[in-house]
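Read through the structure below, which is laid out as structure tokens, and then see the notes.
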Amino acid sequence: MSAVLLPDALWDLLEPLLPAPPPRPNGGRPRVPDRACLTGILFVLRSGIPWQMMPWELDCGSGMTCWRRLRDWQREGLWDLMHFALLDWPARGGDIDWSRVIVDSCSVRAVCGGAQPGPNPTDRAKRGSKRIPSLQGERGRPRCRPVCVLGDRG
């Protein structure tokens, strides 16, 4: 099951981004491996079950262990780094189709509409809007404009 959620190729891409485990001078319980925690996080995000109901058969530790690891990685900005790495990987191979993109009014601000942007509903605290980082592709300037943009009325 864990091989399906976190294939070796994906783990090889993400493993160098993870921080080194903190030292434990006083001993204590052995730390759950990062790969097991990431598998548990992916399982909860994919299935939608509560953290406390994570099955022990996955061998990912408890749901709270995975939740704490997710919280710590989020605080360190690791998820943004993972997101960029996962987008950059197909971009370098030329596998991203730039012919059209879809935008949603919740994630992109309206330039000429309404009042000044307040807290972004997708970030819950930051002002403004989310942007996709520039991706490396072919040699030269990174492509950042699609051919066609599709959006809702917002």
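Computed quantities for the displayed model
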| quantity | calculated |
| --- | --- |
| Chain lengthening between Asp95 and Asp8 when straightened (0.36 nm per residue, less Cα-Cα) | 29.3 nm |
| Length-normalised contact order for the range 14-112 - Cα pairs under 8 Å, 6+ apart - percent | 25 percent |
| Convex hull of the range 31-96 built on C-alpha atoms - directionally averaged projected area, nm² | 5.3 nm² |
| Translational diffusion coefficient (Stokes-Einstein; Kirkwood radius from C-alpha pairs) of the range 1-71 at 37 °C, 0.692 mPa s, in µm²/s | 255 µm²/s |
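Read-outs throughout are calculated quantities, based only on the coordinates presented, and are distinct from any laboratory measurement. In this text, all values refer to a predicted model and were calculated from it rather than measured experimentally.
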